[in-house]
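Here the structure comes first, spelled out in structure tokens, and everything after it is commentary.
The values are calculated or read from the model by the stated rules, or taken from the named source; none is laboratory data. Values in this document were obtained by computation on a predicted structure and should not be read as measured data. A quick note on method: Cβ atoms are made from the backbone with ideal geometry, for glycine too, and the neighbour counts reach across all protein chains shown.
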Amino acid sequence: MDILDVDDLTTDELVTVLDRAAAIKADHGEGSTSDLLDQQTLGMIFEKPSTRTRVSFETGMTQLGGHAVFLGPDDIHLGHGEPVKDTARALGRYVDFIMARVFDHADAEELAEYADVPVINGLTDDAHPCQTLADLLTIRAQFGDFEDVSVAWVGDGNNVCQSFVIGAAMVGLDLTVATPEGYGISDDVADRAAGFGNAPETTHDPEAAVAGADVVYSDVWVSMGQEDKRDQKLADFEGFQITPDLLGDRPFMHCLPAHRGEEVTDAAIESENAVVWNQAENRLHAQKGLLVWLSEQA
């Protein structure tokens, strides 16, 4: 089974993964080890640089008794000198899981098609399901459940937003997405969320979005690979910055890294309302839950 976006899981499976993650976190704690993935190996393909994705997956495999192999752009020939499908077929003979952090979502799909082991999307330009697992784990820990919890996404309708929209719909979160015109979520993502009976509200007004929210979530306006659009995006996103006044006393989430002074002020992310560090830690626990669950499906 491959996890290229969060709705590759059913709702029941998603909740099971979150339960598994929470149980592993509670039973083992930070820095602990176990043998749940003893002698198993995760191959980690990175086209994009990473802090949280690499360290959380590698640490998670170590804590579960397994091993992770880092494969950076200078280490393998993904799509350069060797077709993606050939890399997939070879890696599938060596490792038990593949995690791919790549630009083009089609490359992740091709890896999944040809590898005979589970492929996990560690981020593409279209989706970031592992971040959504951590987000949902964070919200559930904060409120005890998803019932009657409302979230305002303020910023770009990017890959992180799109996976979160679907995950929120799956668990029944009340979500409002506030973006500038032209930066909203795709029609496909909106339709997939609606298929779970819980499509998000959309607006171009950040203040309206946060007015009834229990949580405020934002992400960078200028993602990796979009540096040439920086000046235009900074102009287009004027008024969407998370400030202490806009945030109020609501918990603030951000997938990190944050561009302080752009999508969020230093004061807001350093405030006692920020839960971004819990959210970052939960990348480790959510991915451990996912890896263990996937191993149990084999």
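Within the option set 209, 267, 258, 213, being among the hydrophobic types (A, V, I, L, M, F, W, C), free of Cβ contacts under 8 Å to residues at least 60 places away in the same chain and in a loop (DSSP other than H, G, I, E, B) holds for one residue only, 258. Go through segment 217-243 and give me each residue that's closer than 22 Å to residue 135 by Cβ and either at pLDDT 95 or above or surrounded by 18 or more Cβ atoms within 10 Å (Cβ to Cβ) (or both). Within segment 217-243, 217, 218, 219, 220, 221, 222, 237, 240, 241, 242, 243 meet the criteria. Within segment 156-206, the set of residues being among the hydrophobic types (A, V, I, L, M, F, W, C), part of a helix (DSSP H, G or I) and crowded, with 17+ Cβ neighbours inside 10 Å comprises 160, 161, 164, 165, 166, 168, 169, 170, 171, 189, 190, 193. Evaluate the following for residue 7: is it more than 16 Å from residue 115 (Cβ to Cβ), modelled with pLDDT under 95, of a type outside the set (A, V, I, L, M, F, W, C) and not in a loop (DSSP other than H, G, I, E, B)? So residue 7 fails the test.
Residues checked against (1) touching a strand residue (DSSP E or B) at 6+ places or on another chain (Cβ under 6 Å); (2) in the same structural domain as residue 235 (by TED's automatic domain parsing); (3) free of Cβ contacts under 8 Å to residues at least 40 places away in the same chain; (4) on the phi > 0 side of the Ramachandran plot:
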| position | (1), (2), (3), (4) |
| --- | --- |
| 116 | no, no, yes, no |
| 122 | yes, no, no, no |
| 147 | no, yes, yes, no |
| 154 | yes, yes, no, no |
| 201 | yes, yes, yes, no |
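Pairing each residue of segment 1-27 that is closer than 27 Å to residue 125 by Cα with any residue that is outside any helix (DSSP H, G or I), provided the two are 6+ apart or on different chains, yields C-beta distances under 6 Å for 1/118; 2/118; 2/119; 3/120; 4/121; 5/127.
The residue pairs whose first member lies in segment 96-112 and is within 9 Å of residue 4 (Cα to Cα), whose second member is among the aliphatic types (A, V, I, L, M) and part of a helix (DSSP H, G or I), and whose beta carbons are closer than 9 Å, counting only pairs six or more residues apart or on different chains, are 112/88.
A quick yes/no check of all residues on (1) over 18 Å from the mean Cα position of the chain (by Cα); (2) more than 23 Å from residue 10 (Cβ to Cβ); (3) among the acidic types (Asp, Glu):
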site: 65; (1), (2), (3): yes, yes, no
site: 75; (1), (2), (3): yes, yes, yes
site: 88; (1), (2), (3): yes, yes, no
site: 99; (1), (2), (3): no, no, no
site: 102; (1), (2), (3): no, yes, no
site: 118; (1), (2), (3): no, no, no
site: 123; (1), (2), (3): no, no, no
site: 137; (1), (2), (3): no, no, no
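Among the candidates 131, 142, the residue that is touching a strand residue (DSSP E or B) at 6+ places or on another chain (Cβ under 8 Å), closer than 29 Å to residue 214 by Cβ, crowded, with 21+ Cβ neighbours inside 10 Å and modelled with pLDDT of 95 or more is uniquely 131. Out of the residues in segment 114-127 meeting the condition of being touching a Lys or Arg at 6+ places or on another chain (Cβ under 7 Å) and of a type outside the set (A, V, I, L, M, F, W, C), tell me which one is surrounded by the fewest Cβ atoms within 10 Å (Cβ to Cβ). Looking at the filtered set, the residue picked out is 114.
Residues in segment 64-105 that are charged (D, E, K, R) and surrounded by 18 or more Cβ atoms within 10 Å (Cβ to Cβ): 2 in all.
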